[in-house]
Amino acid sequence: MKRVAILISGGGSNMLALLDSMVGDHPARAVLVASNDPAAGGLAKAAARDVPVAAVDHRPFGKDRAAFEAELLRHIEAAEPDILCLAGFMRVLTPGFVSRFEGRMLNIHPSLLPKYPGLHTHQRALDAGDAEAGCTVHEVTAVLDDGPVLGQARVPVLSGDRPDTLAARVLVQEHRLYPAVLRRYAAGDRTPVLL
Ligand code: GAR
């Protein structure tokens, strides 16, 4: 059974989709949900499902990312995860942190990478006049929103879409894609999931 730690920054709807998927014959179980924001709504939701939670507020660390990560790492290492899932985790990680989890850290990003790494993905897809949008789960490397693609889900862009309407349509697919990828990945299969 693979041990999974999940990092969040907000409401944690992707995290919940992952938790809800890790039941029965699933090859993994959640051992920790951690956030850089003690007020992240997802923490209480994970705790309500009896998953251990931790919060390390990044703000007192200022620009010292390495010191913040060292504190976060204490919690992560204590949980002894095999796989680390970023699920709406909005802090950039240092190469040192990334290399520590090389080959066992996943991220979900709300665009069809390599399009639109970074922020405001839905606005950028609309500005570009794209006919479709979507989300990507990838292995995390030292380059932001880069690394081998493990799955993608596509949705149409509809006329009259705004960033929020498009984001909502993509999020529905995120909740399907991430659990599907994690199940495969935890079983040792890195074949991309295409939805
Ligand atoms: C999701 O749409 C996720 O793809 C995005 O943040 C949202 C988190 O929602 N992640 C990023 O933008 C990463 N750069 P959630 O907290 O409800 O899962």
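Quick test for you: out of Leu112, Leu171, Leu150, Leu158, pick the one residue that is in contact with a helix residue (DSSP H, G or I) (Cβ under 7 Å, 6 or more places away or on another chain) and more than 11 Å from the ligand (Cβ to nearest atom). Working first, answer last.
On the way: Leu112 fails: in contact with a helix residue (DSSP H, G or I) (Cβ under 7 Å, 6 or more places away or on another chain); Leu171 fails: more than 11 Å from the ligand (Cβ to nearest atom); Leu158 fails: in contact with a helix residue (DSSP H, G or I) (Cβ under 7 Å, 6 or more places away or on another chain).
On inspection, the qualifying residue turns out to be Leu150.
Out of the residues in segment 159-178 meeting the condition of being surrounded by fewer than 16 Cβ atoms within 10 Å (Cβ to Cβ) and of a type in the set (Gly, Ala, Ser), tell me which one is farthest from Thr191 (Cα to Cα). Taking the candidates together, the pick is Gly160.
Pick from segment 76-96 the residues that are more than 18 Å from the chain's Cα centre (by Cα) and either within 16 Å of the ligand (Cβ to nearest atom) or without any contact (Cβ under 8 Å) to a residue 60 or more places away in the chain (or both): which of them is farthest from Asn107 (Cα to Cα)? This residue is Ala78.
Summed over segment 5-29, the residues that are assigned to a strand (DSSP E or B) and farther than 24 Å from Val92 by Cβ give a count of 2.
Take the conditions hydroxyl-bearing (Ser, Thr, Tyr) and either within 16 Å of the ligand (Cβ to nearest atom) or under 16 Å from the mean Cα position of the chain (by Cα) (or both) and apply them to Ser99. Does it pass?
Answer is no for this residue.
Here Ala133 clears all of (1) closer than 29 Å to Val56 by Cβ; (2) more than 16 Å from the chain's Cα centre (by Cα); (3) within 16 Å of the ligand (Cβ to nearest atom) except the condition numbered (1). Candidates Ala54, Ala46: the one that is assigned to a helix (DSSP H, G or I) and either surrounded by 15 or more Cβ atoms within 10 Å (Cβ to Cβ) or touching a helix residue (DSSP H, G or I) at 6+ places or on another chain (Cβ under 8 Å) (or both) is Ala46. Per this entry, Arg183 is counted among residues that are under 30 Å from Ala70 (Cα atoms), among the charged types (D, E, K, R) and surrounded by fewer than 22 Cβ atoms within 10 Å (Cβ to Cβ). The residues on offer are Gln152, Gln173, and the sole one that is in contact (Cβ under 8 Å) with a residue 40 or more places away in the chain and of a type in the set (S, T, N, Q) is Gln152.
Each reported figure results from applying straightforward, stated rules to the coordinates on display, with no laboratory input. Model, not experiment: these values are computed from the prediction. Don't worry about glycine lacking a Cβ; one is built from the backbone with ideal geometry, like all the others, and counts go over all protein chains shown.
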